[in-house]
Amino acid sequence: MATPILTIVVPCYNEEEVLPETVFRLSGVIDALITDQLVASTSTMLLVDDGSKDATWSLIERFHASNTFVTGLKLARNAGHQSALLSGLMHAKSYSDCVVSIDADLQDDTDVIREFVLKFREGFDIVYGIRQDRSADTFFKRATAQGFYKLMTSLGVKIHYNHADFRLMSKRTLDNLEKFQEVNLFLRGMVPLLGFPSTQVYYTRKERFAGESKYPLRKMLAFAFDGITSFSVTPIRFVTLMGFVLFLLSVVAALYAIVGKLLGANVTGWTSLVLSVWFIGGVQLLALGLIGEYIGKIYKEVKQRPLFVIEKVLKGSAQDAQEQA
Ligand code: UDP
Ligand code: MG
């Protein structure tokens, strides 16, 4: 096979503290791969600035001027991790044979990118990076992540345990991913749906090199909830089941009340009445909210608003060559 053009896509949101080190390490990885003729000499990294408020973009411009491995994409506003990543993937696929996605914070091991490329050269379209050792993450993060994977699997969603968005995808994988046209993005659930030959590479997850997590608890829970409701209607079925169980309970309660009345018992029941009114009211609101969540999703999908707006592009030689061709 001809040496493939590799692009490493890195979504960056307020990452000025880590970016110099990230660029340094990824340049080393690309350089070594080129030297060993595993990837083409026009291989690059694509730094996607997701509407950062700090100096991230000016840093990217500076690196682009001095380092031929650095290309950039500036989004006009903050689109969020998944959309920023997608913008980079869709941009890179037009001039790349394979694309690796990695976070900017160096939590994922840049050295295994070489293994990704070797697997790609063996013929795999998708290579998943799997966190073997997550001891660097907090206990809370590990526990919630574990619960989330379990829940997703039990809802019938095919996702890989301990895999986030560190993976390699071939051009044809990305061409097919583009057809999904989903506004509610959950890439780690979408990619396995493609079904192309895939394999896994294990690595040790490290601590963030510098800066703070851009996923506070609130965003993390929203992301998990989004993942569930984008991939499964089981929660709605659960509402139906809950309604049925409550109906059965009410039949029992009615029988009890009727029999009591016939036997002449003095039915007072203020407490049970008030409690059941509150209880049923709560259950109904919960069910409505859940259904509303799905309707909100449909609303977003129907509008088909663009997920990101590209403001500026800093090109590399692979892009220039592709445009001239
Ligand atoms: N990120 C982004 N847009 C956002 C939030 C995060 O592009 O709105 C990027 C961020 O710069 C990083 C990656 O997404 O490269 C993952 O974020 P982070 O490392 O903070 O998440 P965590 O590892 O803590 O879950
Ligand atoms: Mg991180």
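The values are calculated or read from the model by the stated rules, or taken from the named source; none is laboratory data. Since the model is a prediction, treat every value here as computed from it, not as a measurement. Quick reminder, even Gly has a Cβ in these numbers, built from the backbone with ideal geometry, and neighbours come from all protein chains shown.
Among the residues that make up the range 297-315, is at least one of them farther than 21 Å from Gly80 by Cβ and not in a helix (DSSP H, G or I)?
Looking for residues that are farther than 21 Å from Gly80 by Cβ and not in a helix (DSSP H, G or I), one finds at least one in the range 297-315, hence yes.
Output the residues belonging to the range 211-226 that are part of a helix (DSSP H, G or I) and either over 17 Å from Tyr294 (Cα atoms) or within 16 Å of ligand 2 (Cβ to nearest atom) (or both).
Leu217, Arg218, Lys219, Met220, Phe223, Ala224
Kindly indicate whether Ala84 is among the hydrophobic types (A, V, I, L, M, F, W, C) and under 24 Å from Met220 (Cα atoms).
yes
If you scan the range 91-140, which residues turn out to be within 13 Å of ligand 1 (Cβ to nearest atom) and among the acidic types (Asp, Glu)?
Of everything in the range 91-140, those that are within 13 Å of ligand 1 (Cβ to nearest atom) and among the acidic types (Asp, Glu) turn out to be Asp103, Asp105, Asp108, Asp137.
Being in contact (Cβ under 8 Å) with a residue 24 or more places away in the chain, over 26 Å from Arg121 (Cα atoms) and in contact with a Gly (Cβ under 6 Å, 6 or more places away or on another chain) narrows it down to one residue among His81, His64; which is it?
His64
Under 6 Å between Cβ atoms, which residue pairs at least 6 apart in sequence (or on different chains) link something in the range 131-146 that is without any contact (Cβ under 8 Å) to a residue 60 or more places away in the chain with a partner that is within 15 Å of ligand 1 (Cβ to nearest atom)?
Arg142/Arg134
Check Ser58, Ser52 and return the single one that is hydroxyl-bearing (Ser, Thr, Tyr), at pLDDT 95 or above and more than 16 Å from ligand 2 (Cβ to nearest atom).
Sole residue among the options that is hydroxyl-bearing (Ser, Thr, Tyr), at pLDDT 95 or above and more than 16 Å from ligand 2 (Cβ to nearest atom): Ser58.
Give me the residue from the range 16-28 that is in contact with a strand residue (DSSP E or B) (Cβ under 9 Å, 6 or more places away or on another chain) and within 14 Å of ligand 2 (Cβ to nearest atom) and, out of that set, farthest from Ala55 (Cα to Cα).
Selected residue: Thr22.
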